[in-house]
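Here the structure comes first, spelled out in structure tokens, and everything after it is commentary.
The values are calculated or read from the model by the stated rules, or taken from the named source; none is laboratory data. This is a predicted model, so every value here is computed, not measured. All Cβ positions, even for glycine, are placed from backbone atoms using ideal geometry, and neighbour counts span all protein chains on display. Side chains included, ligands, DNA and RNA excluded: accessible areas come from the protein's heavy atoms. Shrake-Rupley method; radii C 1.70, N 1.55, O 1.52, S 1.80 Å.
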Amino acid sequence: MAVRAFEGKDHAAAYWQFRVTPQELIKNLSLKRFQTPKQFSLALDVGCGSGQGTKLLAPYFTKVVGTDISPAQLEMASANSNPPNVSYRQCPAEELPFASGEVDLVTAMTAAHWFDRPRFLQEADRVLRPGGCMALLSYTLDMELEYRDISKALTDVCKEVF
Ligand SMILES: C[S@@+](CC[C@H](N)C(=O)[O-])C[C@H]1O[C@@H](n2cnc3c(N)ncnc32)[C@H](O)[C@@H]1O
């Protein structure tokens, strides 16, 4: 069951004002995987909140879509200035309205711990192209990744990177 803890407009406004932007992490991830600007077509930032992290992906992709379940967060994300290749869509992380194999990068920035992770991971796997990349950014280790028979390996990779 998905958690709906970020729904209020006040919460979204506070998020926009005080959220720490993961600039170094995105730069690092992007430089390692996506070296040529706009080399790849589509990045999804799932659970994008007010969009601070979403926008950081813009230089590296033709199109970046931030998705979130909260209309208030998306309103805040859209209300602030965005690069022209960034847009936002409301949807649950567990049901991404994208075709199978059309996405190059799926990120979830301090958000995946709120998702129904087995369903989200299944969706991420479906929408990612072969060789695509999923990056879960988080400041908590209080999370298990459950997916098919690789749950322990996925969780161990997260812990090692952390
Ligand atoms: C801690 S905030 C992080 C926001 C943003 N990624 C950032 O780093 O600033 C978590 C976000 O996940 C969204 N969220 C939680 N559960 C969700 C779900 N099941 N599907 C989509 N979004 C969800 C919330 O609405 C919220 O905006």
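Some observations on this one:
- Candidate set from the range 121-141 (those that are in contact with a helix residue (DSSP H, G or I) (Cβ under 7 Å, 6 or more places away or on another chain) and farther than 24 Å from Y60 by Cα); member that is surrounded by the most Cβ atoms within 10 Å (Cβ to Cβ): L141
- Candidate set from the range 100-114 (those that are open to solvent by less than 30 Å² (accessible area, probe 1.4 Å) and farther than 14 Å from V127 by Cβ); member that is nearest to the chain's Cα centre (by Cα): M109
- Check on P97, touching a helix residue (DSSP H, G or I) at 6+ places or on another chain (Cβ under 6 Å), modelled with pLDDT of 95 or more and surrounded by fewer than 19 Cβ atoms within 10 Å (Cβ to Cβ): no
- Any pair with Cβ under 7 angstrom, 6 or more apart, that starts in the range 109-120 at a residue that is farther than 7 Å from E94 by Cα and ends at one that is more than 6 Å from the ligand (Cβ to nearest atom) and of a type in the set (S, T, N, Q): T110/S138; A112/S138; H113/S138; H113/T140
- Taking each residue of the range 137-162 that is free of Cβ contacts under 8 Å to residues at least 60 places away in the same chain and looking for partners that are among the basic types (K, R) and open to solvent by 40 Å² or more (accessible area, probe 1.4 Å) with beta-carbon atoms closer than 7 Å, six or more apart or interchain, yields L141/K159.
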